[in-house]
Ligand code: V55
Ligand code: FE
């Protein structure tokens, strides 16, 4: 018996579209590379693991040209110690991954729309564990906002299993952006669509102690259902940004997209004192805006300032079927302010930095929610040439350091052929001053036949990498990562 590969069969090959070609070409590879080559000076103080998480579809999507964020979760780890760098990459063994591996094809349909799945997987957990890494109470997790954390062995990257605090967590979802209080070690997190079905709008706000016990879980309803991807936590408050990327049950049931932009709605910021009952949440109103990622929040004298990357709308089609203009989805570092004294239910907005559009902001995590000065992020410097093979995609050509004390930024331009991923900040030593240390970032380069791990010294930021590690193959861009010191 012979089998013929039918190139016209929708499941036999990936779409020839920007989401699956060039920088976004699926890699679908688990690997170990020992003793990566590097040049420059690998700082002696760096000893630990750089863990990252991102989507990489195991099989051509059932939904055809599905969106990037629906790929199967992959965890990568750079182990750096004593002048040696090793790389390991493994898929997360989610229920979805295992069912599709057994079937040797995609069974689950479009991004967060279970109505598009093969009937054989009805009721099976469809989360992909593809967004970020959390380290808490000695455990390591891969996260995706529509499901539970998947625990990962930090040495082998093998999947240990789903985690729900031994059955104590009621929320069926868990944000990919939990926050760890640097003073108490408390984990503060939430789940939206917390009942686990895509049409529920409940938010579960939760805390866990530094030693891993679930200490609180309370549920509330936002003004309307939306994608709540990232949020903010200050020393005194939690802040939920509710922005007009919305769902319609009938649309979902008809197999349509999970999210569309609804520009008729406004932005609502829910501010709640940490530890207070959820009924006390106060909603601040503002114009329609979009933000994927936040930098930090600080409460001073009952005024909460939120620093985050903000655009005029989300990069999704709108409810009228209109596509977006590229300029409207560029995000800029912005400060929103909520004054808890008085009765003004509006938040105010101030743009902090205009020169580059930015995303993937990170801080020195010892200053989360506290008075802080330094922010780092991926940036697109529009004054530099754009490579034709990178045009059109979401990509960044630079790393930036923003100094809130001076309002000035330092930028390292990675080159015309470069696509820069989210950086990670590593303090020079446990008691180093804020922002003093190293910035690590993975850089892909056209023609996508290799990648680099660059290490910048924040004391000489614009001078570029002090060390460059060569990865002898292309790495599909990931979303978020963390540094775990030995
Ligand atoms: C984002 C990423 C996601 C997702 C929703 O960065 C939003 C934004 C990788 O998955 O599901
Ligand atoms: Fe994110």
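Read-outs throughout are calculated quantities, based only on the coordinates presented, and are distinct from any laboratory measurement. The structure displayed is predicted, hence computed values, not measured ones. For neighbour counting, all protein chains shown are included, and Cβ atoms are generated from backbone atoms with ideal geometry for every residue, glycine included.
Some observations on this one:
- Estimated FRET transfer efficiency (residue 105, residue 25; beta-carbon r; R0 22 Å; 0.05): 0.70
- Relative packing of peptides 150-157, 238-245 - highest average C-beta neighbours within 10 Å first: 238-245, 150-157
- Footprinting exposure proxy for 39, 144 (fewest neighbouring C-beta atoms within 10 Å first): 39, 144
- Label-point separation in nm, residue 35 to residue 11, each point 7 Å along Cα→Cβ: 4.4
- Packing order of peptides 333-341, 206-214, 247-255, 370-378, highest average first: 370-378, 333-341, 206-214, 247-255 (average count of other Cβ atoms within 10 Å over each peptide's residues).
- Global geometry of the chain, whether rounded, prolate or oblate, following the gyration tensor of its Cα atoms and the 1.5 cut on a/c: rounded
- Mean Cβ count within 10 Å, highest first, over the residues of peptides 58-66, 349-357: 58-66, 349-357
- Estimated FRET transfer efficiency (residue 155, residue 436; beta-carbon r; R0 25 Å; 0.05): 0.30
- Burial ordering of 100, 416, fewest other beta-carbon atoms within 10 Å first: 416, 100
- Using a Förster distance of 41 Å, the FRET efficiency for residue 264-residue 209 (Cβ separation, nearest 0.05): 0.45
- For a paramagnetic label modelled on residue 446 (point 7 Å from Cα along Cα→Cβ), amide N atoms under 19 Å away belong, within the stretch 385-409, to 385-399.
- The stretch 109-139 and the stretch 306-366: distance between their alpha carbon centers, rounded to Å: 28
- Whole-angstrom gap from the stretch 230-295 to the stretch 408-431, using each part's C-alpha centre: 29
- Chain lengthening between residue 118 and residue 341 when straightened (0.36 nm per residue, less Cα-Cα): 75.0 nm
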